[in-house]
Amino acid sequence: MLARAVDLIVSGDREVFFIAFTSLKFALSSTIISTCLALPLGLLLSLHPFRGKKLVIITLNSLMALPTVVIGLLVYSLISRSAPLGRYELLFTPSAVIIGQVILSFPIIASLVYSALSHMEPELLETLDTLGTRGYRKYILLINESKIALLSALLSGFGRVIGEVGVSMMLGGNIRWYTRTITTTIALETSKGDFELALALGIILIVISLTVNFLLHWRIRYE
Amino acid sequence: MKFSQKLSQRFVFFLFMFLFLLPVMMFAAGKHEVTSRLRLATTTSTDNSGLLNVLLPPFEKETGMKVDVIAVGTGKAITLGKNGDVDVIMVHARAREDAFVAAGYGVNRSNLMHNDFVIIGPADDPARIKGLSSAAEAFRRIAASSSDFVSRADDSGTNIKEKFIWKEAAITPSGKWYKESGQGMGAVITMANDMKAYTLSDRGTFLSMKSNIDLVVLVQGDKNLYNPYGVIAVNPKRHDGINYKGAMAFIKYLTSKEGQDIIRSYKKNGEQLFYPDVLK
């Protein structure tokens, strides 16, 4: 079984690669959007405490445990054509999957960004203050100082979305040449009893994860 | 300090690149969707059998439309049609289809094709149902002997048919032998194979998996096992943005000589899977 799976990958089947590309596209887009949203929130939470901060953190932490199918269901009930946002015709499009995956990855990235920034050495903040560093320059320096931890946050978010199946299946519809991703294909092929293709895609998923992690860590190390 | 400043400048640069590129990327992705799309909700049995892979390309080529196939159980396909999330549905549960049209959710229902269901099970056949001509009688014997039976239990067309046969047999299945799996046809056949259990399957899915499993066909040919497929356009008056024109063109194509010929000539492992109903 494993040999045939490897065979499928090596032979360079066009559909297999299209599916892998689609997965990667969705996961990268949603991780980037989530990070753009989570970074400001993380900075706000760690540098400018406000009333209700604890509540926000508790909420974020709880949302990390939200099952993917629940997110799929919630978003479905918002974007179905008979629902409030139905007229935008988002259901069963790549945008729908990305919206779901942003909701999925935002809490985890935001929590980890907050924890990375709040665990910084207090001396650093004091130094910055005495140097008179203000505004966005201060944020940039802080982000730069904790970039390894931030990278872990980003990768955790990426890992959560590239491996999920509930959101992609419910909101994307597993449409061939459009919204079919690695995980939805694995679900489909397993249900058809075609374990070889499912296994081949599973291997690709692992390789993608390894590559993305490796590339990012490698860049950090040598910069 | 200078070094780290340079670094942070680069970081900011990348950040802005992302922020700038993001809308561009999304716009490009949106642009892509200008060509008209037709959303088809259909059953797993038609999709898993591979029929759609030969049936759709000629239509897409002729009309320039792209057909998005959402393969779910019949029950869910009908719900998607009700909510206006798809433009056309292709399903197999006649009573539900008629109710869907009668309630004003669908229009222009058309017969499309048929095949049949078969009762499959282990070759040693502990419930002694092999060769029976009545599906209800076979179900009675399976229940009487408490032989394992795997049910789809997912409101699919096959599951609706199964419940109908239990009703015909005047039995409410329950007990340890009756396994409600909630999974697709392929998964259920695989489960039944592993458990040496009986199950009800459409012939197409069974044929496509035959070479990987030990289960055999035990009961077939009962008129209660007849499995007709229908195609229905979603009523455009119910929701905005329904691709009604596309749906009608699709139904016209499926019931045309071209569509019906493709259905007739589609074979898997040398066996015909579906029989056209419009042009016989």
> Does residue B:201 meet the test of being closer than 17 Å to residue A:193 by Cα, of a type outside the set (D, E, K, R) and crowded, with 16+ Cβ neighbours inside 10 Å?
Replying inline: yes
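Okay, residues lined up against (1) closer than 30 Å to residue B:84 by Cβ; (2) surrounded by 12 or more Cβ atoms within 10 Å (Cβ to Cβ); (3) hydroxyl-bearing (Ser, Thr, Tyr):
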residue: A:4; (1), (2), (3): no, yes, no
residue: A:7; (1), (2), (3): no, yes, no
residue: A:14; (1), (2), (3): no, no, no
residue: A:27; (1), (2), (3): yes, yes, no
residue: A:43; (1), (2), (3): no, yes, no
residue: A:46; (1), (2), (3): no, yes, yes
residue: A:62; (1), (2), (3): no, no, yes
residue: A:65; (1), (2), (3): no, no, no
> For residue A:140, which of the numbered conditions (1) part of a helix (DSSP H, G or I); (2) out of contact with any Ser or Thr (no Cβ under 8 Å at 6 or more places or on another chain); (3) within 14 Å of chain B (Cβ to nearest Cβ) fails to hold?
Replying inline: (2)
> So residue B:227 clears everything in (1) assigned to a strand (DSSP E or B); (2) at positive phi except one condition, right? Which one?
Replying inline: (2)
> Within the group A:163, A:100, which residue is open to solvent by less than 20 Å² (accessible area, probe 1.4 Å) and in contact (Cβ under 8 Å) with a residue 24 or more places away in the chain?
Replying inline: A:100
>> Can you tell me which residue is nearest to the other protein chains (Cβ to nearest Cβ) among those in region A:1-33 that are among the charged types (D, E, K, R) and part of a helix (DSSP H, G or I)?
In response: A:25
> Counting only residues that are within 14 Å of chain A (Cβ to nearest Cβ) and assigned to a loop (DSSP other than H, G, I, E, B), which one in region B:186-216 is nearest to residue B:134 (Cα to Cα)?
Replying inline: B:215
> Looking at region B:217-267, which of its residues are more than 28 Å from residue B:58 (Cα to Cα), in contact with a Ser or Thr (Cβ under 7 Å, 6 or more places away or on another chain) and within 14 Å of chain A (Cβ to nearest Cβ)?
Replying inline: B:239
> Has region B:52-66 got at least one residue that is at the interface with chain A (Cβ under 10 Å from one of its Cβ atoms), surrounded by 21 or more Cβ atoms within 10 Å (Cβ to Cβ) and outside any helix (DSSP H, G or I)?
Replying inline: no
> Out of curiosity, is residue A:160 charged (D, E, K, R) and under 23 Å from residue A:25 (Cβ atoms)?
Replying inline: yes
> Can you tell me which residue in region B:156-185 is farthest from the chain's Cα centre (by Cα), limited to those that are within 14 Å of chain A (Cβ to nearest Cβ), in a loop (DSSP other than H, G, I, E, B) and surrounded by 18 or more Cβ atoms within 10 Å (Cβ to Cβ)?
Replying inline: B:183
>> Being open to solvent by less than 10 Å² (accessible area, probe 1.4 Å) and either closer than 17 Å to residue B:42 by Cα or outside the structural domain of residue B:88 (by TED's automatic domain parsing) (or both): is that true of residue B:232 here?
In response: yes
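The values are calculated or read from the model by the stated rules, or taken from the named source; none is laboratory data. Small disclaimer: the values here were computed from a predicted structure and weren't measured. Glycine also receives a Cβ, built like all others from the backbone with ideal geometry; neighbour counts cover every protein chain displayed. The protein model used for the area step is the full one, side chains on, heavy atoms only, and it has no ligands, DNA or RNA in it. Shrake-Rupley method; radii C 1.70, N 1.55, O 1.52, S 1.80 Å.
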